[in-house]
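Undergrad: For reference, the structure I am asking about is given below.
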Amino acid sequence: MNCKDVIELLSAYVDGEITGEEIQQVDSHLEGCPHCQSQLAAIKNLISMVHELDELEVPAGVSRSLRQIATDKPSTTMPAKGWLTNRLSYLVATGAVAIAALTLLLIQINTGDLDKQEALTALTGKAPVQELSKKQAIGSEEKSAEVTGQHDIDQSAKAAPDGTGAIPNTYGGDGYSYSRSDDSRSQLKLKRQESPAESDELLLRGLPGSTNEAGEQWPMVQFSNKNYDKTSAEVLLGDIQEKTNGAYSVKDAKENQALIISKMVKKIDALGGRGDLMRSPVNGLINQTKRSALPVYMEKAKFDKQDCWLIIIRWGFGSDENDLYKTSLYITDLSGWSVIHYISN
Amino acid sequence: MVINKSDPDRPIIQSFLAGNTSSFNELVGRHERAIYNLAYRMVGNTNDAADLTQEIFIHLHKKLGSFRGDSAFSTWFYRLAVNYSKDWLQKEARRPKMVDIEEVALPNSGTGPSQLYERKEIKELVQSAILSLPEDQRIVVILHDLQGYDYKEIARVTGVPVGTVKSRLARARLKLAEKLAPYKDGACHENMKS
């Protein structure tokens, strides 16, 4: 055997995965070859270094979420039973959403709380794309919409801005209630509520108009002259995550997504920006998570001296009562469509 | 469905297929640690590892009904996990990469002939080196050197001949040995020419 042949066998030689004859040949060669002896020592040392790597514990949040999989709604995890069943299910779901959306619109018109733009949006809003995507996942490959959690920058970047500001996915809400007096409420704690808001005295879960004990109003929009870098962006993400931990749930994302986005749009307008131009990009970022998600923070600032938006989204999956326990920060250009940097906790 | 009688996961799967959805959590408990560690070594950061782990188990939940029992469940599941990880990496390659906050310590050649590195830094270097391997080589290193699979088991999981496993592992180790040679014994030998 020459050195080339021996070196190819050294890995299996160390593992005891070569034949007796090969062992003899390798041993014989090694006796007189310092170079191959050195290679053998290097491989043994390398294996030793790899063996030193620690086995990691599964993070508690991950472990918890894995145990939610089996208790998720059947439509999100079980295989489809057939085309017709799913088609009927989709039509029923779509009809229910349409009725709920119309009911919401009538409530908002009656309370005078809806401006023209939102009325148009609510009327033209389509049925939730998520429902259709799930039903279309029948027999599709693994990377269907049912496989949640993808952050596909390409899909976000390809989506064209919607000039009308129409929200691609409008959840009309089922059981949503929002009182006109909420904005005048003062000193609300930002915390989870155990039952739907039925009166002004009940605490809301980070809905527009709520103020926490520190005097912060959520969701939050800021314009600043800060110049972020990767490190300070991570600090921001951690800070916002800490401030909003436990405040939002899957149910909130389903019922109040449109409301929260609209409030953020208004806050951008109040600060002198064009809020309506950010509606579609923010929806695009939310939709690409393919899980329940809500925007909680937006800041117009700079990143590495480039004008940008910092958009923080909380997201998660599981039952309605599950926290949106993940937090992601998207740093985009001023259009909101091109992602410059992304980090997630 | 034929079930391998010596397969310890057999009763759990039978229970799940009989309609006991909570049995799935038993499977989670048995395999989450190995899958999370596989995911982490494949992607190199805890955020992506968490996402990938969750998606693998969601995928398992969808596909469990198709398990025929002609191999051990763990072999079938790990093959599913490995293939899913490879697809995930290819898709994620388009995304900006996230890195753990703890950066890998790189040698500064201007500091002298040798420099002692802490064990933690060496481990980060090793992980970084593993991440630099092509996916197929990375997988065999993880399965053999970290998770203790033998060549035959790796061949069953990856769906390639034992000879291919052998050559992939050999090439991977030679590459790793070359990359990590300056840091053997916890000291940087970069400036010590032989």
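Undergrad: Of all residues in segment B:58-87, which are assigned to a loop (DSSP other than H, G, I, E, B) and under 16 Å from B:VAL160 (Cβ atoms)?
TA: B:SER71
Undergrad: Can you tell me which residue within segment B:164-178, out of those that are within 9 Å of chain A (Cβ to nearest Cβ) and under 26 Å from B:GLU118 (Cβ atoms), is most open to solvent (accessible area, probe 1.4 Å)?
TA: The selected residue is B:GLU178.
Undergrad: Scan segment A:3-13 for residues that are in contact (Cβ under 8 Å) with a residue 12 or more places away in the chain and surrounded by fewer than 16 Cβ atoms within 10 Å (Cβ to Cβ) and jot them down.
TA: Result: A:CYS3, single match.
Undergrad: Next question, about the same structure. Just one of (1) at pLDDT 95 or above; (2) among the hydroxyl-bearing types (Ser, Thr, Tyr); (3) open to solvent by 50 Å² or more (accessible area, probe 1.4 Å) trips up B:SER109, so point out which.
TA: Here B:SER109 meets the rest and fails (1).
Undergrad: Okay, moving on. Answer with yes or no whether B:ARG41 is basic (Lys, Arg), out of contact with any strand residue (DSSP E or B) (no Cβ under 8 Å at 6 or more places or on another chain), surrounded by 18 or more Cβ atoms within 10 Å (Cβ to Cβ) and at pLDDT 85 or above.
TA: Considered against the rule, which asks whether it is basic (Lys, Arg), out of contact with any strand residue (DSSP E or B) (no Cβ under 8 Å at 6 or more places or on another chain), surrounded by 18 or more Cβ atoms within 10 Å (Cβ to Cβ) and at pLDDT 85 or above, B:ARG41 comes out as yes.
Undergrad: Is there a residue in segment B:180-190 that is within 27 Å of B:ILE35 (Cα to Cα), at pLDDT below 90, within 12 Å of chain A (Cβ to nearest Cβ) and not in a loop (DSSP other than H, G, I, E, B)?
TA: Yes, that holds for at least one residue.
Undergrad: Can you say whether B:GLU55 is over 16 Å from B:ILE154 (Cα atoms) and within 8 Å of another protein chain (Cβ to nearest Cβ), as far as the supplied structure shows?
TA: yes
Okay, residues lined up against (1) surrounded by 12 or more Cβ atoms within 10 Å (Cβ to Cβ); (2) more than 7 Å from chain B (Cβ to nearest Cβ); (3) more than 29 Å from B:ALA155 (Cα to Cα); (4) touching a residue at least 12 places away in the same chain (Cβ under 8 Å):
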{"site": "A:GLY20", "(1), (2), (3), (4)": "no, yes, no, no"}
{"site": "A:GLN25", "(1), (2), (3), (4)": "yes, yes, no, yes"}
{"site": "A:GLU31", "(1), (2), (3), (4)": "no, yes, yes, no"}
{"site": "A:ALA41", "(1), (2), (3), (4)": "yes, yes, no, no"}
{"site": "A:LYS44", "(1), (2), (3), (4)": "yes, yes, no, yes"}
{"site": "A:MET49", "(1), (2), (3), (4)": "yes, no, no, no"}
{"site": "A:LEU53", "(1), (2), (3), (4)": "yes, no, no, no"}
{"site": "A:VAL58", "(1), (2), (3), (4)": "yes, no, no, no"}
{"site": "A:GLY61", "(1), (2), (3), (4)": "yes, yes, yes, yes"}
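Undergrad: Could you please tell me which pairs satisfy a Cβ distance under 8 Å, a separation of 6+ or placement on different chains, a first residue in segment B:141-163 that is surrounded by 21 or more Cβ atoms within 10 Å (Cβ to Cβ), and a second residue that is of a type in the set (Phe, Trp, Tyr)?
TA: B:LEU143/B:TYR78; B:LEU143/B:TYR149; B:HIS144/B:TYR151; B:VAL157/B:TYR78; B:VAL157/B:TYR149
Undergrad: Output the number of residues of segment A:297-326 satisfying the condition of being among the hydroxyl-bearing types (Ser, Thr, Tyr) and in contact with a Pro (Cβ under 7 Å, 6 or more places away or on another chain).
TA: Total meeting the criteria: 1.
The values are calculated or read from the model by the stated rules, or taken from the named source; none is laboratory data. Quantities reported herein were computed from a predicted structural model and do not represent experimental measurements. So basically every Cβ, Gly included, is an ideal-geometry build from the backbone, and we count neighbours across all protein chains shown. Heads up: the accessible areas ignore ligands, DNA and RNA and are worked out on the full protein's heavy atoms, side chains in. Shrake-Rupley method; radii C 1.70, N 1.55, O 1.52, S 1.80 Å.
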